[in-house]
Amino acid sequence: MNSICVYCGSNPGSNPVYLEQATLLGQRLAAEGLRLVYGGGNIGLMGAVADAVLQAGGEVTGVIPKQLVEREMAHHGVTSLEVVGSMHERKSRMFDLADGFIALPGGFGTLEEIIEMLTWRQLGIGNKPCAFLDVAGYWSPLAAMMDRMVNDRFVHPGQREDLWIGADIDGLLAWMQAYQPAQADVWLDEKKRNSLR
């Protein structure tokens, strides 16, 4: 594993611990020699994690759509800043550049991006680990929703287990380094799957 994509808010959030953990994650990525791939902004948690990696001597690649260069205040101090044509290109390029994905707290964009990576993983598009750094219980309601998806038979239990949610950065990185993709099928019922063919 050489690079990690981090999805996170362009706002700092209401709790100072969000910025603290974003900074700590950035420091740990640099210490592990992992390049940060992220959304290219210099504000909020995005800026904090990028600055932490840079200050610790690590490498940072930002990927930002041209229409957001000014709105998200593109970080021109990163190792490499790629300006792309659309949000779709951004997500595709970040997928290509990264060996795994971590979601820090964030809003709609953060949630949408990490969920898309989970969906791709579920469909067998790449074998890249996805993790949620559950700072101050931020992702706990989402974890409960995922459990509901399993209980109501919309998600295979193996697919639910094929991600990491927790607050320990060292544990998260160790899990990602040792990651083995689940072999669970997207279909829960073999008979139903065959009947749709």
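Looking only at residues in segment 46-74 that are open to solvent by 20 Å² or more (accessible area, probe 1.4 Å) and assigned to a loop (DSSP other than H, G, I, E, B), the one that is nearest to SER3 (Cα to Cα) is GLU59. Residue count for segment 28-45 under the criterion of being part of a strand (DSSP E or B), open to solvent by 20 Å² or more (accessible area, probe 1.4 Å) and touching a helix residue (DSSP H, G or I) at 6+ places or on another chain (Cβ under 6 Å): the result is 0.
If you go through segment 143-184 one residue at a time, how many are part of a loop (DSSP other than H, G, I, E, B) and open to solvent by 60 Å² or more (accessible area, probe 1.4 Å)? Quick ask: steps written out before the conclusion?
First, pick out the residues of segment 143-184 that are part of a loop (DSSP other than H, G, I, E, B): 152-156, 162-163, 167-168, 178-184.
Narrowing the set further to residues that are open to solvent by 60 Å² or more (accessible area, probe 1.4 Å) leaves 152-154, 167-168, 178, 180, 183.
The number of residues fulfilling the criteria is 8.
The single condition among (1) modelled with pLDDT under 95; (2) surrounded by 12 or more Cβ atoms within 10 Å (Cβ to Cβ); (3) in a helix (DSSP H, G or I) that LYS192 does not meet is (2). Scanning segment 112-133 for residues that are among the hydrophobic types (A, V, I, L, M, F, W, C) and in a loop (DSSP other than H, G, I, E, B) gives LEU123, ILE125. If the Cβ limit is 7 Å and pairs must be 6+ apart or interchain, which residue in segment 76-100 that is more than 16 Å from ARG121 (Cβ to Cβ) and assigned to a helix (DSSP H, G or I) pairs with which residue that is open to solvent by 40 Å² or more (accessible area, probe 1.4 Å) and not β-branched (Val, Ile, Thr)? Qualifying pairs under 7 Å: ARG93/GLU82.
The values are calculated or read from the model by the stated rules, or taken from the named source; none is laboratory data. What you see is a predicted model; the values in this text were computed from it and never measured. Glycine gets a Cβ as well: all are built from the backbone with ideal geometry, and neighbour counts include every protein chain shown. Ligands, DNA and RNA are stripped out before the accessible areas are found, and what is left, the full protein with its side chains, is counted by its heavy atoms. Shrake-Rupley method; radii C 1.70, N 1.55, O 1.52, S 1.80 Å.
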